[in-house]
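K.L.:
Sending over a structure as structure tokens; questions will come in a sec.
The values are calculated or read from the model by the stated rules, or taken from the named source; none is laboratory data. Bear in mind that the values here come from a model prediction, so they are computed numbers and not experimental data. Neighbour counts run over all protein chains shown; Cβ positions are idealised from the backbone, glycine included. Only protein heavy atoms, including side chains, enter the accessible area calculation; ligands, DNA and RNA are left aside. Shrake-Rupley method; radii C 1.70, N 1.55, O 1.52, S 1.80 Å.
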Amino acid sequence: MSGRLATILSVLCLAAAAAIGISLMLGSVPVSPVDVGTVLTGGGDPLHQALVLELRLPRTLAAFATGGLLAVAGALMQVLLRNPLADPYVLGISGGAAVGALLSMLAGLATAVVSGAAFAGALLSTLLVFGLAHGTGSWTPVRLLLTGVVVAAGWGALISFILAVAPGAELPGMLYWLMGDLSHARHPGPAWIVLAIVVLLAWPLGRSLNVLARGALQAAALGVSVRPLEWIVYLLAAVLTATAVTLAGTVGFVGLIVPHMLRLVLGNDQRIILPAAALAGGILLTLADTLSRTVIAPQQLPVGVITALLGVPVFLYLLHRSR
Amino acid sequence: MSLVRFVSTRPGPWLWLLSLLAGSAVLAGGGAAVQAEIRVTDDSHREVRLAEPAHRIVSLSPHLTELLFEVGAGDRIVGTVSFSDHPEAARQIPRVGNAGQLDLERILALQPDLVVAWRSGNPARQVARLEALGLTVYYNEPRRLSDLADTLERLAVLTGSSETGAAQAAQLRERSRKLATRYAHRPAVPLFYQIWDDPLMTVNDQHLIGELIALCGGKNLFGELPALVPRLSREAVLAADPEVIVGGGSGEDNRAWVDGWRRWSGLTAVRRDNLFFIPPSLIQRQTPRILDGAEMLCEYLDEARARRPETAP
Amino acid sequence: MSEPLLQLEDLVIHIPGRPDGSALRFEVRSGQCWGILGPNGAGKTTLLHTLAGLRAPRSGGVRLNGRKLGGIPRRDVARQTALVFQDHHDGFPATVLETALIGRHPYLRPWDVESADDMAMARAALQQVDLAGLESRLVGTLSGGERQRLAIATALTQDPRLFLLDEPVSHLDLHHQVAVLEIVRKRVSKGCAAVMSLHDVNIAARHCDHVLLLYQDGGARWGPVNEMLQLQVLERLYAQPLVQGEAGGAPVFVPKG
């Protein structure tokens, strides 16, 4: 398995480097590969430096991290809930983040506060869902899922309310935030660190997750301490999602589709799926973001539109090809 | 990394050199080099400084593009946003996105020495980003007719055509003063101003259109609402029973929104046929053309006054 | 006499909404094969899950190798006890070989990867249950009987001292019934023990040395197979008149009517 993992990760790392390179080259103003290289090694003219280092690099790195975070969170949620339809947002984490972000936008607060409020909202929602799902008895995936879906609906109502009372000038920013917007992501560093740490923490849990995917009882019979494992997985997925949402708003689709694509191609060993999802999610979102800011430039498309347009046909093809 | 080399936001080393060369003037008269610098306060109450009149301007709103043309600086606009369609020459200017979503790369590549931004219409974070990248930004936020005149003057200063700007501003003030003397004190006409249909939206008294309504002697029935652009239910309009309904449309010649009120035959405005249409580009854009729209509005309100029954108090 | 593997100490299983049943007090020793007989809903599955430590008892306790079951880490329990479930859930797609391999889970540390020995054990287990050659098939494409045999193979890969089997032969054709029971018999003869719930009295009569009878009302009786499998006892157990015969030296019971 180690050999297979190494091969898969090597291929994905090369693809990731290529995707990042393409993203740095393409934009409203074309910059040749040679110029990108010059700028990255510290040279080049000021305009190219500004374009590549100030505008494209932070955005590209943010897109990659967001995609990776969401794909890993989605893979974890699907195993946790034993439900292939689960995505990182299914338990209302994004709704809580959105309410936090929109409220701070409504109050006209600074960008950093908006991010902080989004993160706080995500964590609040996480704790709320977990506390409520626990209730007076034990929680099961179905109970957790139902609680999450209902809490998400509550957040949805609050979001609609905020949009309804928000002044017109704030609306476009809010809508772009809700659709996922990478254009404001300037400091992707923390997101990369979170992604790296969580993948490293989750990898040793991979085999236990493989067992958990077969059901809680089966897992317990095979020596897995199910409850602590589920807590850890839920917490990890929540941190991943909260980080992604804080960085880029609610980018849809990546968290649902990337784990499934990988399962169709690579099988369902979480020890392979989790690191592969970090890379493949990053690649998909980097390419999608590149397209979203170039296809109808100078206008920009929400990146979620492109992830869906890219992901749906690929996914359907893989599904059709599989047995 | 900064763009100081080609965009100057503050006196760079070379300006010091200039000061040294003009050293005697500095010592004698308090600063020739300082005189060469252009200083203007924008609507965010910040001082915008240029070493020389702007030659490469990026305008981030259709109304700002129009205002720049008014003060004779239209040919210096190197980039603007979608819907910049007036005057005709504005259509030829390269686009850098739309007001709500800017293409920072294009703006940067144009290497402008001045960016004029619309504070409530552009994404604050994107404009802040442009500033962080070293560009000089002038923030505009016209709320009153007097702001419009001020803006004309300031844009003229920034582009080195103060005389044209002063004349334009004076003309604008004069026109609005004339309208006010003629109409503002005529019998008040209770009206509802519709700027969007679904959802139904109006303006309050703080809005520029609100000021025009007052100028023409109208009384905005929803002027006291706190939001600048309140959203309403149709029922609220029916309950208020305006004497006049004025509205724009989804196009320059589309009366559908105002005519839609005819199904409520009990409304005073419908019974007296006081449903008036004003092309949105005339009144919903903060440029001197807004006074053309204001003249139309004033005449409509006069028509409505003429249609009042003889017995009315 | 051999050491007790499993000790039931006045164990009362917990079935929500049902009054306490009889307290169970017996020992399962290595080399023994126990059958659990009883009508539907008597608590056979609940008992097996309780013996595996997956459910808490209402009262009493269970000892595994002399230690209280609740105090043993789950991983250690799983090295000594394998439970074959009656139902199999298809979660995410997995291959036959992967499924057999998860039996090695209790033996591997978090960072370990399955070794060649682990693979060999899984393949050998698949060979024993007649699934060799299907290693790369997806589990979802197997028949009910093949799924059942795969579950047995996973338990064999787990290499426990104690096998807990919930209706191990219910989906199997006659040939594979005999084959699976033969595999269990071999493991038991090598020092393991087995406890299996069965709906077929005749299988218990032929393959078990001890039986536990669970009654609908919560009552229970247990003992050596020849003492327990009496016509009147079984008629009361199943509330069904039976006819007793004999085949190949073992008693055979069939419903009357």
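K.L.:
Quote the accessible area belonging to B:ASP103 in square angstrom, nearest 10, computed with a 1.4 Å probe and with ligands, DNA and RNA left uncounted.
P.N.:
10 Å²
K.L.:
Let me ask something else. Given the -39500 (n - 2.57) contribution per DSSP H run of 4+ residues, what per-residue ellipticity at 222 nm results for chain C, rounded to the nearest 500 deg cm²/dmol?
P.N.:
Helix contribution divided over all residues of chain C: -9500 deg cm²/dmol.
K.L.:
Excluding ligands and nucleic acids, what accessible area in Å² is computed for C:ASP20 using a 1.4 Å probe, to the nearest 10?
P.N.:
Roll a 1.4 Å probe over it and C:ASP20 shows about 100 Å².
K.L.:
Hey, which lysines would be in cross-link range of B:LYS178, C-alpha to C-alpha under 29 Å, not counting anything within fewer than 8 residues on its own chain?
P.N.:
B:LYS219
K.L.:
Sorting A:GLU54, B:GLU163, C:GLU167 by accessible area (1.4 Å probe), largest first, what list results?
P.N.:
Per-residue accessible area, sorted high to low, gives B:GLU163, A:GLU54, C:GLU167.
K.L.:
For peptide A:289-299, what's the mean number of Cβ atoms from other chains within 10 Å of each residue's Cβ?
P.N.:
3
K.L.:
If you take the square roots of the eigenvalues of the alpha-carbon gyration tensor of the range A:137-213 and sort them as a ≥ b ≥ c, do you get rounded (a/c under 1.5), prolate (a/b over b/c) or oblate?
P.N.:
Oblate, since a/c reaches 1.5 and b/c is not below a/b.
K.L.:
Note down the accessible area of C:HIS89, probe 1.4 Å, to the nearest 10 Å².
P.N.:
140 Å²
K.L.:
With a Cα-only, solvent-free Debye model of the range B:227-295, what are the log10 I(q)/I(0) values at q = 0.12, 0.19, 0.21, 0.22 Å⁻¹?
P.N.:
Log-scaled intensity ratios, in q order: -0.35, -0.84, -0.97, -1.03.
K.L.:
Can you work out the FRET efficiency for the pair B:LEU238 and B:ASP292, with r the C-beta to C-beta distance and R0 = 35 Å, to the nearest 0.05?
P.N.:
For R0 = 35 Å, the calculated efficiency reads 0.65.
K.L.:
Using 7 Å Cα-to-Cβ label points, what is the A:LEU163/C:LEU231 separation (nm, one decimal)?
P.N.:
Calculated label separation equals 7.8 nm.
K.L.:
List the aspartates and glutamates whose Cα sits under 12 Å from the Cα of C:LYS256, skipping any in the same chain fewer than 8 residues away.
P.N.:
The reachable aspartates and glutamates, counting only those whose Cα sits under 12 Å from C:LYS256, are C:GLU235.
K.L.:
Projected onto the charge dipole of the protein assembly as shown (+1 at Lys/Arg Cβ, -1 at Asp/Glu Cβ, origin at the Cα centre), which of B:LEU297, B:PRO53, A:ALA169 gives the Cα projection farthest towards the positive end?
P.N.:
A:ALA169
K.L.:
Can you tell me which of C:LEU165, C:LEU229, C:LEU51 moves the most in a GNM of chain C? Springs connect C-alpha atoms under 10 Å apart.
P.N.:
Looking only at C:LEU165, C:LEU229, C:LEU51, the largest GNM fluctuation is found for C:LEU229.
K.L.:
For C:LYS186, list the lysines whose Cα falls under 30 Å from its own Cα; do not include residues on the same chain fewer than 8 positions away.
P.N.:
Straight-line reach from C:LYS186, under 30 Å: C:LYS44, C:LYS68.
K.L.:
Express the carbon and sulfur contribution to the solvent-accessible surface of the protein assembly as shown as a percent, rounded to the nearest whole number, probe 1.4 angstrom.
P.N.:
Result for the protein assembly as shown: 60 percent of the exposed heavy-atom area is carbon or sulfur.
K.L.:
Work through the residues other than C:ILE102 whose Cβ is under 9 Å from its Cβ and net out their charges, Lys, Arg +1 and Asp, Glu -1.
P.N.:
+2
K.L.:
Under a point-charge model restricted to the Cβ atoms of Lys and Arg (+1) and Asp and Glu (-1), what is the dipole moment magnitude of the range B:185-306 relative to its Cα centre, in debye to the nearest 20?
P.N.:
200 debye
K.L.:
Now for a different question. Hey, can you find the accessible area per residue of the range C:159-257 for me, probe 1.4 Å, expressed in square angstrom?
P.N.:
Heavy-atom SASA per residue in the range C:159-257 reads 48 Å².
K.L.:
Of B:THR164, B:THR268, B:THR287, which is the most mobile in a GNM of chain B whose springs link Cα atoms less than 10 angstrom apart?
P.N.:
B:THR268
K.L.:
Something else about it: Sort largest first and round to whole Å: the equivalent ellipsoid semi-axes of chain A, each the square root of five times a Cα gyration tensor eigenvalue.
P.N.:
Working from the Cα gyration tensor, I get semi-axes of 32, 26, 16 Å.
K.L.:
Then there is this: Rounded to the nearest 100 Å², what is the buried accessible area between C and A, both sides summed, probe 1.4 Å?
P.N.:
2300 Å²
K.L.:
Here's a follow-up. Residues in the range A:226-263, backbone N under 19 Å from the label point at A:ARG4 (7 Å along the Cα-to-beta-carbon vector): list them, ranges by number please.
P.N.:
The answer is A:259-263, whose backbone nitrogens lie closer than 19 Å to the label point.
K.L.:
Report the full-extension gain for the segment C:LYS186 to C:SER143: residue separation times 0.36 nm, less the Cα-Cα distance, to one decimal in nm.
P.N.:
Extra length available between C:LYS186 and C:SER143 comes to 12.9 nm.
K.L.:
Something else about it: Express the accessible area of the range B:38-169 per residue in Å², computed with a 1.4 Å probe while the remaining protein chains stay in the model.
P.N.:
35 Å²
K.L.:
Still on this model: With heavy atoms of protein chains only and a 1.4 Å probe, what residues of the range B:117-139 have at least 10 Å² less accessible area in the full set of chains than alone?
P.N.:
B:SER120, B:ARG125, B:GLN126, B:ARG129, B:ALA132, B:LEU133
K.L.:
Also, I was wondering about something else. Order the peptides A:283-291, A:30-38, A:91-99, A:119-127 from the highest to the lowest mean number of other Cβ atoms within 10 Å of their residues.
P.N.:
Answer by packing, highest mean first, reads A:91-99, A:283-291, A:119-127, A:30-38.
K.L.:
Note the angle between two axes, namely the Cα long axis of helix C:144-158 and the longest principal axis of the Cα atoms of chain C, as a number of degrees from 0 to 90, rounded to the nearest 10.
P.N.:
With rounding to tens, the tilt is 70 degrees.
K.L.:
Using a loss threshold of 40 Å², tell me which positions in the range B:100-116 are less accessible in the complex than in their chain alone. Probe radius 1.4 Å, ligands and nucleic acids ignored.
P.N.:
Relative to the lone chain, where solvent access is computed with a 1.4 Å probe, the range B:100-116 loses at least 40 Å² at B:GLN101, B:ASP103, B:GLU105, B:ARG106, B:LEU108, B:ALA109.
K.L.:
Which residue fluctuates most in the GNM of chain A (Cα springs below 10 Å): A:VAL149, A:VAL129, A:VAL295?
P.N.:
It is A:VAL295.
K.L.:
How big a patch of accessible area, both sides summed and in Å² to the nearest 100, lies buried between A and B at a 1.4 Å probe?
P.N.:
Between A and B, the summed buried area is about 2500 Å².
K.L.:
Under the definition of partner shielding as Cβ atoms of other protein chains within 10 Å of a residue Cβ, what is the mean value for peptide B:225-236?
P.N.:
1
K.L.:
Hey, another quick one. Mind checking the per residue accessible area of the range A:2-321 for me, 1.4 Å probe, whole number of Å²?
P.N.:
Per-residue value: 37 Å².
K.L.:
Something else: Is the range A:92-201 rounded, prolate or oblate when judged by the Cα gyration tensor, a ≥ b ≥ c being the square roots of its eigenvalues, rounded requiring a/c under 1.5 and prolate requiring a/b larger than b/c?
P.N.:
Cα axes put the range A:92-201 in the oblate bin.
K.L.:
Ignore the peptide's own chain and count Cβ atoms of other chains within 10 Å of each Cβ in A:217-230; give me the average, rounded.
P.N.:
6
K.L.:
Which shape class, rounded, prolate or oblate, goes with the protein assembly as shown when its Cα gyration tensor gives a ≥ b ≥ c as root eigenvalues, a/c under 1.5 marks rounded, and past that a/b bigger than b/c marks prolate?
P.N.:
Prolate, because a/c is 1.5 or more and a/b exceeds b/c.
K.L.:
Okay, moving on. Note down the magnitude of the dipole of chain B about its Cα centre, charges +1 on Lys and Arg C-beta and -1 on Asp and Glu C-beta and zero elsewhere, to the nearest 20 debye.
P.N.:
300 debye
K.L.:
For the range B:38-169, what is the per residue volume of the convex hull drawn over the alpha-carbon atoms, in cubic angstrom?
P.N.:
Spread over its residues, the Cα hull of the range B:38-169 gives 92 Å³ apiece.
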